[in-house]
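Just so it is clear, none of the values below were taken in a lab; they were calculated from the coordinates. It should be emphasised that the depicted structure is a prediction, and the values quoted were computed from it without experimental measurement. Using ideal geometry, Cβ is built from the backbone for each residue, glycine included, and neighbour counts are taken over all protein chains shown.
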Amino acid sequence: MRYVFILNPTAGKKNAYYSIFPSIQKYFDANGLECVCHITKKPMHALELANMEGSKGDPVRIYAIGGDGTLSETAAGAMGKNHVEIGIIPCGSGNDYIRTFGKVESFLSIESQLSAPSHSVDMIRSGEQYSINLCSIGLDAKVGYNMSHFKKIPFVSGSMAYNFAMIKTLFGKIGDQLEITIDDDKKYEGNYVFALAGSGKYYGGGFCGAPQAIPDDGLLDFILIKKPPLRQIPALIPIYKSGGHIDSKRFKDILTFCRGKKMEVKALRPAIANLDGECHIIDKIDFEVVPNCVRFIVPA
């Protein structure tokens, strides 16, 4: 088995090459093991590196050292390669995908990582881009768009940055006029604050947007929330964050929940889409499941 690490030096507050990788290298040296560490230098570099290492054809474990974005890129580069297993050493601002599987601490142990099994999981295709966790349009994407500025402030954690971005977003335009089609036969339209497609449960630094999502069921959880009266939003946000919105009476008249394979979204005016933390301005976009296409390492 080969071991490869793909390290994003800009993830989190400290350069992981100096704060995390030395202990990994020490463990490998102490146990007579070898590994290779690549450092990303540009967007989508992790995808290129994972594809390069996976294309060699032999069994390999590729660990992303970074956040959800680094993991998503690494997974995209390993898609369809059954001899490749991918994992994450979390050091990003959110580290949300792994919350679906367990605590962050389990993923920080290199000993647990090397002995852990891997499981086939789904991904989400949006045009030419692939995501492993969760994609959305609306208030949350606008928050993510604003969050990138707050993440640069020293001593501001991922959760704090998200909360600051939320406050800023609430003082702007809320709601997008969307036309939504799910699996070709379910059609919705209106003024939505959220249109979400989830394979994982969490995003945005701990918000449980898709609380019933299952990462390996071959389906995506679609959650649509129409714009409520502005005065209600502050009371609804904590419910949404905790994952209680699907069964909450307060969301009954504004929420649609279903499972499916594909969601097509058209925005009547430019909107912001979030793909595993990467935000784009769009006028239309599709989210489609790619079932069981990558093997993800899950420590006990």
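Okay, here's what the table says:
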{"quantity": "Over segment 2-124: Rg over Rh, Cα atoms, Kirkwood Rh", "calculated": "0.92"}
{"quantity": "Full-extension gain in nm, Asp185 to Asp216, via 0.36 nm per residue minus C-alpha separation", "calculated": "8.8 nm"}
{"quantity": "³J(HN,Hα) computed for each position of segment 113-124 - Karplus, 6.51 cos²θ - 1.76 cosθ + 1.60, integer Hz, glycine/proline x", "calculated": "4, 6, 9, 6, x, 10, 9, 5, 10, 8, 10, 10"}
{"quantity": "Estimated vicinal HN-Hα couplings, Hz - segment 272-283 in sequence order (Karplus 6.51, -1.76, 1.60; Gly, Pro = x)", "calculated": "10, 10, 10, 10, 6, x, 8, 9, 10, 8, 9, 10"}
{"quantity": "Lys, Arg +1 and Asp, Glu -1 on Cβ, resulting dipole of segment 2-124 about Cα centre, debye, nearest 20", "calculated": "260 debye"}
{"quantity": "Burial ranking of peptide ranges 86-97, 57-68 (average Cβ count within 10 Å, highest at the top)", "calculated": "86-97, 57-68"}
{"quantity": "Anchor Lys41: aspartates and glutamates whose Cα lies under 18 Å away (excluding residues fewer than 8 positions away in-chain)", "calculated": "Glu53, Asp68, Glu73, Glu278"}
{"quantity": "Net dipole in debye of the chain [+1 Lys, Arg Cβ; -1 Asp, Glu Cβ; about Cα centre; nearest 20]", "calculated": "1040 debye"}
{"quantity": "D_trans [Stokes-Einstein, Kirkwood Rh over alpha-carbon pairs] for segment 134-291, 10 °C, 1.306 mPa s, µm² s⁻¹", "calculated": "102 µm²/s"}
{"quantity": "Charged-residue dipole, Cβ positions (Lys, Arg, Asp, Glu), segment 134-291 about Cα centre, Debye nearest 20", "calculated": "800 debye"}
{"quantity": "Sorted peptide list for 134-140, 41-47, 290-296, criterion being average Cβ within 10 angstrom, highest first", "calculated": "134-140, 290-296, 41-47"}
{"quantity": "Normalised alpha carbon radius of gyration of segment 163-256 [divisor 2.2 N^0.38 Å]", "calculated": "1.09"}
{"quantity": "In Hz, Karplus ³J(HN,Hα) per residue of segment 2-16 (6.51, -1.76, 1.60; θ = phi - 60°; x = Gly, Pro)", "calculated": "8, 10, 10, 10, 10, 10, 9, x, 9, 6, x, 8, 10, 5, 5"}
{"quantity": "Cut-off under 5 Å, modelled amide H: who pairs with Ile6 long-range", "calculated": "His38, Tyr63, Ala64, Ile65"}
{"quantity": "Of Lys186/Lys284; Lys81/Lys186; Lys103/Lys168; Lys14/Lys168; Lys152/Lys261, those spanning more than 24 Å from alpha-carbon to alpha-carbon", "calculated": "Lys81/Lys186; Lys103/Lys168; Lys14/Lys168; Lys152/Lys261"}
{"quantity": "Ala300 paired with Met52, simple spin-label distance in nm, labels 7 Å along Cα-to-beta-carbon", "calculated": "3.6 nm"}
{"quantity": "Signed unit charges on C-beta, dipole axis of the chain, positive-most listed residue Ile20, Leu108, Gly206", "calculated": "Gly206"}
